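No lab work stands behind these numbers, since they all come straight from the coordinates. Predicted model, so just to flag it, every value in this text is computed and none were measured. Here Cβ is always computed from backbone atoms with ideal geometry, including for glycine, and neighbour counts include all displayed protein chains.
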Amino acid sequence: MISKTYAPQEIEDKWYSYWIENKYFNSKPNPDKEPYTIVIPPPNVTGVLHMGHMLNNTIQDILIRKARMEGKEACWVPGTDHASIATEAKVVAMLKERGISKRDLSRDEFLEYCWEWTHKYGGIILQQLRKLGASCDWDRTRFTMDPDLYDSVIDVFIDLYKKGDIYRGHRMVNWDPQARTTVSDEEVITKEVSQKLVYIRYDLVGGAVGEGIIIATTRPETIMADSAICVNPNDERYRNLIGKQVTIPLINRAIDIIADEYVEMEFGTGALKVTPAHDTNDYELGKKHNLTIIDLLNEDGTLNEKAQILIGEDRFVARKKIIRLLEESGNLVKSEEYKSNVGHSERTNAVIEPRLSEQWFLKMSRLSKPALENVMNDTIQLIPPKFKNTYRHWMENVRDWNISRQLWWGHRIPAYYLQDGTLIVAKSKNEALHIAQHEYQLFALTEEDLTQDADVLDTWFSSWLWPISVFNGIKEPENEEVNYYYPTNDLVTAPEILFFWVARMIIAGYEYRGTYPFKNVYLTGIVRDKQGRKMSKSLGNSPDPIDLIDQYGADGIRTGMLFSSPAGNDLPYDEKLVEQGRNFCNKIWNAFRLVKGWTVDTSLSTPEGSALAVKWFESKLNQTLAEVQDHFTKFRISDSLNAVYKLIWDDFCAQYLEMIKPGFEQPIDAQTFEATLEFFDKLMRLAHPYMPFITEEIWQNIRDRKEKESICVAEFPTVGAVDTALTANFEILFELISAVRNLRNTKNISPKVELPLAVKSDQPELYKGLEALVRKLANVAEINFVTEQAPGMSFLIRSDEFFINLEGEIDVEAERENLQKELIYTEGFLNSVAKKLSNERFVQNANADVVEKERQKMADAEAKIATLKEALVRLG
């Protein structure tokens, strides 16, 4: 017996365990079936489920479940990313709680703690995805630090190095002082911040007191690293100072005044402090003019001994102190509030420092060409396509990728240095030694003479291989799995990692498989709160997804998040949507309980109305199936769900069941009952990808199922014939039923009272065909077809007129009085509008649309007056 209320907590774990035990999600190459493959965007191993994950993985699960039901060999590969920066931060914090510093540990000791943390916490998010219903092939779970995936990364590095695409160079990079590592340009988030714009006077060497050049800067803590003051050679204010010197305040070091047209005369004071070690543009200017490079910052953002003053102070503390010192020395001219864009680390939110550093880079010009071409020509489709322009801009202006990170957790760069600095790239120290001995003829060398590069590779340098490496396609490029599953079909991810990850996977795909890694990229929107802010734990505006699942059920959350989530557009999260999702589950549950509660009588013949209702709903179901399939081809997942929602809630529950349900304590005929169970079966299969748990529970209870049978491998409903004429007639039927019910409501007539209905129509056969349903749903005693006006209240539907004689059911005198009052009011309204339109000044001076609205009001009032007068005539 199915329970009275739907309790998701009682069925979700039961069915998920059932699916896992019976291996419905497992996949292996099958040449007799079409593969359908999705690789999960691997969440950070440090992560826990958030609202973005919920949306992203729900969409993936819908796609994979539908493909599985369509008979494809569906394979959804799960896994996690080792997340170098984030994991190191977590491990360092854990060690701090134990009273241990990373600096006190060897590299191997620290990595042991990293693995300890990963084994303890790394699988949390994947376990949480099971609660959501994610139908991943969990036996395929991958981790970017797994041995095969690790080796693949190293092999790719060595291959690209040998091709001349990877090089080591001294470049200006983005430095994260909190994580103490470089980050790529794409990992720098620009934010507008309020700062102090400080005007500082640099005294002229040999000049009078107070004579010098004034510069404006938001970074006074870097003045000790200045190498020159630069002005525009065409600036009359400074032309006589070019070639002279000024002293840097507080440390009194003399620097030259140089000229370069790079300086904008109208910007600031027209004079620029040049600090080559701490600004990318200054670095280029310094190279051009052969200026000294002075780096005054330590790795952690504190000032070093080259600063000469405030050594050891944090850069922001030093900034405030230097402003005070400049004020005391008389070199502070003024300061003012100033807003500017400042780069922040995407991982730690620390303010980025431009820094000169020896790093590893990957040349992108050659590699990126096929990745740009094949997105622009739609070989790979971005959904929605509005992201193509953004993609093109980035790819056409792509810079070399800084791939080295100053961390210990990650894929260590396979580069070894001899004592004289000679560099050898090899897979192991032993292999590097062999190269040194046989290619460089250094036979006396031992492994102790080789030192491995201390850096690890950027995390994205492993995940860009993800669609290939999860099938071991780098190490074994001709293995059965990669040849069957690659290229994958669809990628579902967020727009903010379009360049971090998507573009780079495409690059790797063409480089190492000669083709794209996926055919479609579905870019989800960002989940935002009611104020339009991105949901995040730091803002405290994001509910805990697991709490929501416990409260509303996984199916309620899945459907609730998708009700308003078109591709690429942000989702304005509202808990009312999730409530709507839960209510949808309850509606389905209650409808099934209603049907299963009917008594079936096999001796009964099928009522005419029920037979007609069955034909109509079959057409409506097929019509919606065609609509759903069309939405899927265009990746309109939200629209497809809304079509399913309307079919079940409106067409099936509100209309069909009302048409065929038997009277109180009366049985239903077997033919209609069987047809209804079959509809329920199809509806559950149609809804299963969106709401897997409740559909499995109901589907199992519709009929007696075989052991180990499941809806998740049942056939997805296929589109059948649609009787368009019948569906059109039923739209008229529903309008008629609604009009009769509204009339009952306005006149306070009980639904139990049978009413006479007269129909004046050029197509009486239409209503004769629907008569059985009209009588049942509208509770009409009889239907008469007339050619003239009939007594009673009237209303129009399309071009047909209907009359209901309410004599004996309403107070005729009171109704006449109400109609008279409404007539008087409407005539007064008409009079006021007519006066306005007769005013020539109004007609000539008012906007044309305003005048047109008044004319429409006049026409509506005239029509209403005619209707009211006719109604009064019929009342006598």
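Would you mind ranking 175, 76 by Cβ crowding within 10 Å, fewest neighbours first?
Ascending Cβ contact count within 10 Å gives the list 175, 76.
Label residue 665 and residue 706 with points 7 Å out from Cα along Cα→Cβ: what is the distance between them in nm?
4.3 nm
Does a label point 7 Å from the Cα of residue 265, set along Cα-to-beta-carbon, have any residues of the range 225-256 with amide nitrogen under 12 Å, and which are they?
232-239, by backbone N distance to the label point.
Radius of gyration and Dmax for the range 545-722's Cα atoms, expressed in Å?
17.0, 56
To the nearest Å, what is the center-to-center distance of the range 387-432 and the range 146-160, using C-alpha atoms only?
12 Å
Counting just the Cα atoms, what span does the chain cover along each of its three principal axes? Round to the nearest Å and put the largest first.
Sorted largest first, the three principal extents are 113, 81, 51 Å.
How about residue 857: which lysines have a C-alpha closer than 30 Å to its C-alpha, ignoring those fewer than 8 places off in the same chain?
747, 760, 821, 835, 836, 869
For every helix of n ≥ 4 consecutive DSSP H residues, a contribution of -39,500 (n - 2.57) applies; sum these over the chain, divide by its total residues, and give [θ] at 222 nm rounded to the nearest 500 deg cm²/dmol.
So the calculated ellipticity at 222 nm is -13500 deg cm²/dmol.
Write down the Kirkwood hydrodynamic radius of the range 751-874, to one decimal in angstroms, obtained as one divided by the mean of 1/r over all alpha carbon pairs.
When all Cα pairs of the range 751-874 are included, the Kirkwood radius is 17.2 Å.
Residue separation times 0.36 nm, minus the C-alpha to C-alpha distance between residue 447 and residue 377: what's the value?
20.1 nm
Ranked by Cβ crowding within 10 angstrom, fewest neighbours first, how are 53, 438 ordered?
Arranged by neighbour count, lowest to highest, 53, 438 become 438, 53.
Around residue 398, under 12 Å between beta carbons, what's the net of Lys plus Arg minus Asp minus Glu among the other residues?
Value of the local net charge: +2.
Tabulate in residue order the Karplus-calculated ³J(HN,Hα) for the range 659-668, using 6.51 cos²θ - 1.76 cosθ + 1.60 with θ = phi - 60°, rounded to whole Hz; enter x for Gly and Pro.
6, 10, 5, x, x, 4, 6, 10, x, 10
Mind checking the dipole of the chain: about its Cα centre, +1 per Lys or Arg Cβ, -1 per Asp or Glu Cβ, Debye to the nearest 20?
So the dipole magnitude of the chain works out to roughly 1120 debye.
Given the C-alpha centroids of the range 361-383 and the range 659-701, what is the distance between them in whole angstrom?
After rounding, the separation between the Cα centres reads 49 Å.
Taking Cα atoms of the range 181-354, Rg/Rh with Kirkwood Rh, to two decimals?
Computed over Cα atoms, the ratio is 0.95.
How charged is the neighbourhood of residue 511? Take every other residue with its Cβ under 15 Å from the Cβ of residue 511, and add Lys/Arg as +1 and Asp/Glu as -1.
That sum, taken over residues with Cβ under 15 Å, equals +3.
Among 273-286, 657-670, how do they line up from the highest to the lowest mean number of other beta-carbon atoms within 10 Å?
Output ranking for 273-286, 657-670: 273-286, 657-670.
Report the dimensions of the range 319-427 along its three principal axes from the alpha-carbon atoms, largest first, rounded to Å.
Its Cα atoms span 64, 52, 24 Å along the three principal axes.
For the range 751-874, give the share of DSSP beta bridges that are antiparallel, in percent and rounded to the nearest 5; count only bridges with both residues there.
Numbers: 8 of 14 bridges.
Roughly 55 percent of the beta bridges in the range 751-874 run antiparallel, per DSSP.
Return the FRET efficiency for the residue pair residue 119, residue 239: r is the Cβ-Cβ distance, R0 is 60 Å, and the value is rounded to the nearest 0.05.
0.30
Quote to one decimal, in nm, the extra length available between residue 799 and residue 5 on full extension: 0.36 nm per residue of separation minus the C-alpha distance between them. Could the numbers behind the result be given before it?
Values: separation 794, 0.36 × 794 = 285.84 nm, distance 4.50 nm.
That pair, residue 799 and residue 5, stretches by 281.3 nm at full extension.
For the range 545-722, how many pairs of lysine residues have a Cα-Cα distance under 24 Å, where the two are 8 or more positions apart or belong to different chains?
29
Hey, can you rank 691-701, 321-331, 780-790 by average C-beta count inside 10 Å, highest first?
Ranked by mean Cβ neighbours within 10 Å, highest first: 691-701, 321-331, 780-790.
Lysines near residue 244 by alpha-carbon distance under 25 Å, same-chain residues fewer than 8 away left out - which ones?
273, 287, 288, 306, 334
Beta carbons within 10 angstrom, averaged per residue: use that to sort the peptides 306-319, 856-869, 97-110, 550-563, highest first.
Ranking the peptides 306-319, 856-869, 97-110, 550-563 by packing returns 550-563, 306-319, 856-869, 97-110.
Starting from the Cα-Cα distance between residue 741 and residue 386, subtract it from 0.36 nm times their residue separation and give me the gain in nm to one decimal.
Using 0.36 nm per residue and subtracting the Cα-Cα distance, I get 123.1 nm.
Would you mind pulling out the separation of the Cα centroids of the range 20-81 and the range 706-776, in Å?
The range 20-81 and the range 706-776 have Cα centres spaced 40 Å from each other.
Counting DSSP beta bridges in the chain, what percent are antiparallel, to the nearest 5?
DSSP beta bridges in the chain are roughly 70 percent antiparallel.
In debye, nearest 20: dipole of the range 181-354 around its Cα centre with unit charges on the Cβ of K, R (+) and D, E (-)?
540 debye
List the relative contact order of the chain as a percent without decimals, with contacts defined as Cα pairs under 8 Å and 6+ residues apart.
This gives 12 percent for the chain.
Which FRET efficiency value, to the nearest 0.05, do you get for residue 108 and residue 194 by plugging their Cβ-Cβ distance into 1/(1 + (r/R0)^6) with R0 = 30 Å?
Efficiency computed from Cβ-Cβ geometry: 0.10.
Got the relative contact order for the range 545-722 handy, in percent, Cα pairs under 8 Å and 6 or more residues apart? The partial results should precede the final answer.
Working: 194 pairs, mean separation 50.3, N = 178.
Taking the mean separation of contacting Cα pairs over the length of the range 545-722, I get 28 percent.
In sequence order, what are the phi-derived ³J(HN,Hα) couplings for the range 14-28 according to the Karplus relation 6.51 cos²θ - 1.76 cosθ + 1.60 with θ = phi - 60°, rounded to whole Hz, with x for glycine and proline?
Karplus-based 3J(HN,Hα) across the range 14-28 equals 4, 6, 5, 4, 4, 4, 5, 4, 8, 6, 5, 8, 6, 9, 9 Hz.
Between residue 100 and residue 299, take the C-beta separation as r, use R0 = 25 Å, and let me know the FRET efficiency to the nearest 0.05. Each step should come with its number before you reach the end.
Details: r = 20 Å, r/R0 = 0.79.
After rounding to 0.05, the efficiency reads 0.80.
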